[in-house]
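Novice: Handing you this structure, nothing more for now.
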Amino acid sequence: MITGIGIDLVECDRFLDWSAFKKQRVFTKKELEYADNDNANAEKHLANCWAAREACLKALGLGFGEDIAFSDVSVIHDDAGHPELLLAGGAKAALKEMAGSNAHIQVSITDQGEYSAAVVVIEKQD
């Protein structure tokens, strides 16, 4: 059963002027390494991560703030390069409360031109 759906759209150029310090504060080491592996498209990769994180929080009915840290939602990639979401802290607790301990999160990320978008679907598994 679907318990949450979230979508987000972000301009890739948003991250061009961010300092290394700000990027390190917001993105995980793995996210930054993944972006740095394709330096020509680094901002696009960061925008993809940001859109996926925001879509996840929207699916959970949350936002970054007191109970949710930037590091509570991160984007990782499997061996084939497919994105997956890794939840920790407040986001993980909210997921368990919403959909139980067998919850399944699906994420789809796309980018075109100057925009990145992501959709997240949270399913409660029986």
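Novice: Please count how many residues of the stretch 20-48 are of a type in the set (D, E, K, R), surrounded by fewer than 14 Cβ atoms within 10 Å (Cβ to Cβ), out of contact with any helix residue (DSSP H, G or I) (no Cβ under 8 Å at 6 or more places or on another chain) and within 21 Å of T110 (Cβ to Cβ).
Specialist: Matching residues across the stretch 20-48 total 0.
Novice: Looking at L57, L46, L87, can you tell me which residue is within 18 Å of D8 (Cβ to Cβ) and in contact with a Leu (Cβ under 6 Å, 6 or more places away or on another chain)?
Specialist: Of L57, L46, L87, the one residue that is within 18 Å of D8 (Cβ to Cβ) and in contact with a Leu (Cβ under 6 Å, 6 or more places away or on another chain) is L87.
Novice: Counting residues that are more than 14 Å from the chain's Cα centre (by Cα) and modelled with pLDDT under 95, which helices (runs of 4 or more DSSP H) fully inside the stretch 1-115 reach at least 3?
Specialist: So the answer is 20-26, 89-99.
Novice: Could you list, ordered by first residue, the pairs with Cβ atoms under 6 Å in which the first is in the stretch 1-19 and closer than 23 Å to D111 by Cβ and the second is of a type in the set (K, R) and at pLDDT 90 or above, at least 6 apart or interchain?
Specialist: G6/K58; C12/K44
Novice: Only one of (1) exposed (fewer than 13 other Cβ atoms within 10 Å of the Cβ); (2) modelled with pLDDT of 95 or more; (3) of a type in the set (D, E) fails for D126. Which number is that?
Specialist: (2)
The values are calculated or read from the model by the stated rules, or taken from the named source; none is laboratory data. Quantities reported herein were computed from a predicted structural model and do not represent experimental measurements. Methodologically, a virtual Cβ is constructed for each residue, glycine included, from the backbone with ideal geometry; neighbour enumeration extends over all protein chains shown.
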